[in-house]
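Coordinate-derived values only; no laboratory data. None of these values were measured; they are calculated from a predicted model. So basically every Cβ, Gly included, is an ideal-geometry build from the backbone, and we count neighbours across all protein chains shown.
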Amino acid sequence: MRRSAPALIGVVCIGSVAALAAQDVRIGIIDFYGLKHLSPAALRPALTFKEGDALTMDGGTRPASLVESEQRLSRVPGVAHARTEIVCCDDGRIIVYVGIEETDARVLRFRPAPVGSVRLPPEVVKAGEDFEDALIAAVQRGVTGEDQSRGHALNDDPAERAIQEGFVEYAQPHVALLRRVMRESGDAAHRALAAQVIGYVRDKQAAVADLVAAMEDPDGKVRNNAMRTLLVFAAAKRGASPKPPPRVPFEPFVRYLDSPIWTDRNKASGALDMLSASRDPALLAALRRDAIAPVAEMARWQSAGHARPAFIILARIAGYADAAAEDAWERGDRETVITAAENSR
């Protein structure tokens, strides 16, 4: 299974303030999420920016206009917290996602941050840094394809792929260390990198429980990498490796569809797009019961790459065959499918 970044909802979402450092960037899209009682029309006046405005990215720090907007949004009646996320890119322009936690929203609970001294060796940390640099360079060149058929990502870009092949060589002999780092390390960057590298072990099924546990990490990048690795596990193709494709549970992802953190929603919808392809009745029932509203919200996002997985999930909930869902997507007929899924409750 070969995927490009847009088709896989920005899994290389170099989200990226880092990728855009020291640049003036133009806002192409502003979208909201987390709204149950409030509306975008009621919240947009609190923003200090609009589509078409330029933002100056200075050394990776967050633009002051985003911080000020969050403060203004938090003073709107009915808003408990607000956060903005810059995502790169749609048609050469950035997307700003505005997450709202309303005053009666469910609060996500995470495990306490570990404080252990265990760390990854310097050569693995360096490989992780080199991979991030190669990823940013490849995305800027438009090289975003990857092969996921074996349950781990091998990118089309030669520089990225060489590092990933190194992860394959490293992961299996050091799986015990990777597990310890994910579970115990007091350094979130090391936990996040371990959640990426452990995806390259041969016995992927044995790593599933460790990655599901990492989904409870208080650090967003650790959760992002753990969900990303499980997402690729779910994309594994039978027969592409000697072992059968790993079984990935759907339950941990459903709760993150309603997260106030954009990357949680992004990866959860991507994983559930993969997992719902089997039409598991228990999964579809759980989505229908617990997640119609947030998934419909995501399916209406303006960025096609980010909205499509949620749209496909809703189509399956509503009983559409995948071919019929694809036809509706190509016609731009999102609302018919979204309404059908909402009515299925």
Q) What ranking do 183, 150 get, fewest neighbouring Cβ atoms within 10 angstrom at the top? A) 183, 150
Q: Give the total of Lys-Lys pairs in the chain with Cα-Cα distances below 25 Å; include a pair only if its members are 8 or more places apart or on different chains.
A: 11
Q) Relative to the compact globular guide of 2.2 N^0.38 Å, what is the alpha carbon radius of gyration of the stretch 251-343, as a ratio? A) 0.95
Q: Can you quote the Å³ per residue value for the convex hull of the Cα atoms in the stretch 18-102, rounded to an integer?
A: 82 Å³
Q. Which loop trypsin sites (Lys or Arg not before Pro) in the stretch 255-299, with loop taken from DSSP, have no more than 12 other Cβ atoms within 10 angstrom of their Cβ?
A. 279
Q | Residues 68, 297 arranged by fewest to most Cβ contacts within 10 Å | A | 68, 297
Q: May I ask you to work out the translational diffusion coefficient for the stretch 135-216 at 4 °C, viscosity 1.567 mPa s, via Stokes-Einstein with Rh from the Kirkwood sum over Cα pairs, reported in whole µm²/s?
A: 96 µm²/s
Q. Rounded to the nearest whole Å³, what is the per residue volume of the convex hull around the Cα atoms of the stretch 140-286?
A. 118 Å³
Q: Compute the relative contact order of the chain as a whole-number percentage, counting only Cα pairs closer than 8 Å that sit 6 or more residues apart in sequence.
A: 17 percent
Q: Bin width 10 Å, alpha-carbon pairs only: give the P(r) of the stretch 77-127 as whole percents, running from 0 to the bin holding the largest distance.
A: 17, 21, 27, 29, 6, 0
Q | Radius of gyration and Dmax over the Cα atoms of the stretch 39-179, both given in Å | A | 20.3, 55
Q. Could you state the principal axis extents of the C-alpha atoms in the chain, from the largest down, to the nearest angstrom?
A. 55, 47, 39
